[in-house]
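FYI, it's all coordinate maths here, none of it is from the lab. Just so you know, these numbers come straight off a predicted model, no measurement behind them. Ideal geometry is used to build each Cβ from the backbone, glycine not excepted, and the neighbour counts take in all protein chains shown.
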Amino acid sequence: MRRDAYELLGVPRGAEGGQVKKAFRQLARELHPDVNNHDPEAEEKFKAAAEAYEVLSDPDRRAVYDRYGWEGLDSRGYAPPSQGSTFGDIFEAFFGGDPFGRGQGPGPLQGADVGVEVEISLEEAARGPRVDVEYESVQACERCHGNRAEPGTPIETCERCGGAGELRSVAQTAFGQLVRSHPCDACGGDGKLARTPCSACGGAGRHGSSVTLAVDIPAGISDEQRVRLTGRGHAGERGGPPGDLYVLVRVREDHRFLRDGSDLVSVVDVPAPDAALGTVVTVATLEGEEEVDVPAGTQSGTVIELKGCGMPIPGRGRTGDQRVVLNVVIPRNLTSRQRELLEELRETVTEENLREAEGESLFSKVRRALR
């Protein structure tokens, strides 16, 4: 049993034509089968809404429906809009075009993009290496250069579409005469046909191939950044431009460093006696090892900056720094002699030995380490 037309559209019985039209417009967008492809009943719901709109938007049909209901319309030979038209036709006629992009006229189509992934070390990221990437891509045929014809043979106007590249059909719908156009099935929308198809690509104009390309990675690139190479993707169709190649760069972690933007952070362990007396420690950098002076009385968490030892800053022409965090290590597993020496030291330590440097509190050191 068919539902009440007013109930289907959600309008009162006294609703004016504009109100009915607005209600159907909103409902059609919600119920269109292309939008609700997950709902197996979407087509039937859309059909019912379209039928209700066809009845209520026509004054004569509406008058009959208000007096006699669906039975009165059926007795007068009324046919629902699903007979003689498709739901796409109704939607296209009502909104002036298919919002889902179908049925567009022929023309150049840009090729699809291609994505590949490469992995490099942190040191390589600092230098900006050239890496080879391999990927499968659709390329224009080298023999026919994409025109689909065997070299030296003519390309003729398509007889089916007359060179227009599209075919038109006329259908009678509940909303009047509807003219639809779609790409020609003979020439694929080109408007032209090769008398002798290219022997290399079979007249397709394109073919799949494996591509190896050298890609320059910018120095200082970060993990998961992409490099875009314009025009290195799949070939376009009907004279359209090729797509782009996107190279996703993965930078491997380096156990020696933590990366903080363009800066590098490393940690060096310093035995407590060396920190108290002062020493020289060896620090790993991207350019090799470097010796760094540790002043006497150095506390754990002290940060030493190595200017220009970080990562290049892309587009800036300069380099970040390396922050070396000194971790003072307290000796463990002491021998009896070591314990004796430490006990002697403990007896001689005064408050003066434990006083912090001027303005150098623990909070200040933590803040410097995280800066």
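Phi angles across the stretch 287-293 convert, under the Karplus curve 6.51 cos²θ - 1.76 cosθ + 1.60 with θ = phi - 60°, into 3J(HN,Hα) values of 9, x, 8, 9, 8, 10, 6 Hz, Gly and Pro given as x.
For residue 22, the aspartates and glutamates whose Cα comes closer than 14 Å to its Cα, not counting residues fewer than 8 places off in the same chain, are 30, 54. Whole-Hz Karplus values for the stretch 211-225 come out as 10, 10, 9, 7, 10, 8, 8, x, 5, x, 5, 9, 4, 6, 7 Hz, taken residue by residue from phi with 6.51 cos²θ - 1.76 cosθ + 1.60 and θ = phi - 60°; glycine and proline positions read x.
Net charge near residue 154, counting Lys/Arg +1 and Asp/Glu -1 over other residues with Cβ under 11 Å of its Cβ?
Local net charge: 0.
When peptides 186-199, 279-292 are sorted by average Cβ neighbour count within 10 Å, with the highest value leading, the order is 186-199, 279-292.
The phi-based Karplus calculation (6.51 cos²θ - 1.76 cosθ + 1.60; θ = phi - 60°) puts the 3J(HN,Hα) values of the stretch 190-201 at 6, x, 9, 10, 7, 5, 10, x, 4, 6, 7, 10 Hz, whole numbers, x for Gly and Pro. For the stretch 258-370, the equivalent ellipsoid derived from the Cα gyration tensor has semi-axes of 33, 16, 10 Å, listed largest first.
Annotation: amide H-H contacts under 5 Å for residue 264 (H modelled 1.01 Å from N, sequence separation of 5 or more, or interchain): 311, 321, 322, 323. Near residue 214: Cβ cut-off under 10 Å, other residues only, Lys/Arg at +1 and Asp/Glu at -1. The net charge is -1. Taking amide hydrogens as placed 1.01 Å from N in the peptide plane, the amide H of residue 283 sits under 5 Å from those of 290, 291, 292, each at least 5 positions away in sequence or on another chain. Sorting the segments 155-163, 336-344 by their mean number of nearby beta carbons within 10 angstrom, highest to lowest, gives 155-163, 336-344.
How high is the relative contact order of the stretch 258-370, in percent, counting Cα pairs under 8 Å that sit 6 or more residues apart? Mind dumping the intermediate values first?
Working: 170 pairs, mean separation 31.5, N = 113.
The value is 28 percent.
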